[in-house]
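Just below is one structure, and these are the notes that go with it.
Readers should treat all values here as calculations from the given coordinates under stated rules, not as data from a laboratory. Computed from a predicted model, the values in this text were never measured in an experiment. Note: ideal-geometry Cβ built from the backbone for every residue, glycine included; neighbour counts use all protein chains shown.
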There are 2 protein chains.
Amino acid sequence: MPGSGWATDRLPPELARTPEPPYYAVIFSSILRIDDPAYHWMSERMAELVDRQPGFLGWESARSPEGLGITVSYWASLEAVAHWKEQHEHRIAQRRGQEVWYARYTIRIAHVERAVVFSAGSESGSVDWPAIRQDPPGGR
Amino acid sequence: MPGSGWATDRLPPELARTPEPPYYAVIFSSILRIDDPAYHWMSERMAELVDRQPGFLGWESARSPEGLGITVSYWASLEAVAHWKEQHEHRIAQRRGQEVWYARYTIRIAHVERAVVFSAGSESGSVDWPAIRQDPPGGR
């Protein structure tokens, strides 16, 4: 998660089940400086906390063996993102992340406009990409 | 990458160096069905190809040992995203991904509105989160 970088080391792989767009995504990409057990404890604590935040829609996280991690959390509004940013324990985790855990990170706040889900063997198997349309649909 | 899911198995961990927002992000989250060498070959080919696409700004990718992968690619415009979606070899990879590689995936297209970078030990070390502001700044 942004500023604290919880990881999914002990969670089963699962994709977030978000509602239909629009909503917000916080894309947190990071490279770790050290492998600190406290980092993992904090990550689990953040995963617990975020789940109770107002406007929280879900999250996905992966860290490659080479040390690059990506966590994307999904939010109903910018207000919800701002509220989570200021959450007390999360603030402590953010500070600790800067002081100890992260060599480098980027946080991007993005407005999700379109989404599709593919599941092997399901009806939606034929849906592959969100429609990309820059202009409003023509008249019918 | 969306629909093809290139992975970074053989690339060093590195964060994308994107320009100032706004720009677009394609967030591709996936769970693999099988571990197929051809998946990795295709991933490397897609990484080669995407780098030459017009409007491509960079990408980041991580797959956890448990099999959840997140690849985020960054683009100058929706037109650039659409162009990449239709790239010939990429189309083949997308089809193959649905038929063979992926148990499940989600593709989200999002408009990146804010971004911050943190580097340990650098001047920007004090920057932790993008400013989150829903209303225009007040008068000064």
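Things to note:
- Calculated from backbone phi, Karplus (6.51, -1.76, 1.60) coupling profile of region B:24-37 in Hz, x at Gly/Pro: 10, 10, 10, 9, 10, 10, 8, 10, 7, 8, 9, 9, 10, x
- Amide H contacts of A:SER77: A:TYR24, each under 5 Å away and 5 or more positions distant or on a separate chain (H built 1.01 Å from N in the peptide plane; Pro and chain starts excluded).
- Within 10 Å of each Cβ in B:66-78, the average number of Cβ atoms from other chains: 4
- Restricting the trypsin sites (Lys or Arg not before Pro) of region B:8-76 to loop positions (DSSP other than H, G, I, E, B) with no more than 10 neighbouring Cβ atoms within 10 Å leaves B:ARG10, B:ARG17, B:ARG52.
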